[in-house]
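This report concerns only the one structure given below.
None of the figures in this text is laboratory data; all of them are computed from the coordinates on show. Computed from a predicted model, the values in this text were never measured in an experiment. Using ideal geometry, Cβ is built from the backbone for each residue, glycine included, and neighbour counts are taken over all protein chains shown.
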Amino acid sequence: MASARLAAVTPLDALAARATRRSGVEEHPTFAWVLFHLAQSFARHAGHVDVGRELFDGFTGK
């Protein structure tokens, strides 16, 4: 998988090539920042799927 190879060889303090704009300031987030927010987003959406499934079939995953 290309993303796993990229994560294995990219230093966590590497800066993004493209800038983002927050509060009027241009920033280049670190690879660690990107991975952290990716994990947060994944966890949030996985939780949404669990709630939808529980509403659909009543199974709570115990």
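Values computed for the structure shown
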{"read-out": "Spread of Cα-to-Cα distances over 5 Å intervals beginning at zero, given as percent, for the chain", "value": "4, 15, 15, 17, 14, 11, 9, 8, 7, 1"}
{"read-out": "Difference of contour (0.36 nm per residue) and Cα-Cα distance, H28 to L6", "value": "6.1 nm"}
{"read-out": "Chymotrypsin sites (Phe, Trp or Tyr not before Pro) within the chain: DSSP coil, no more than 16 neighbouring Cβ in 10 Å", "value": "F59"}
{"read-out": "Computed lengthening from H37 to F56, 0.36 nm per intervening residue step minus Cα-Cα distance", "value": "4.0 nm"}
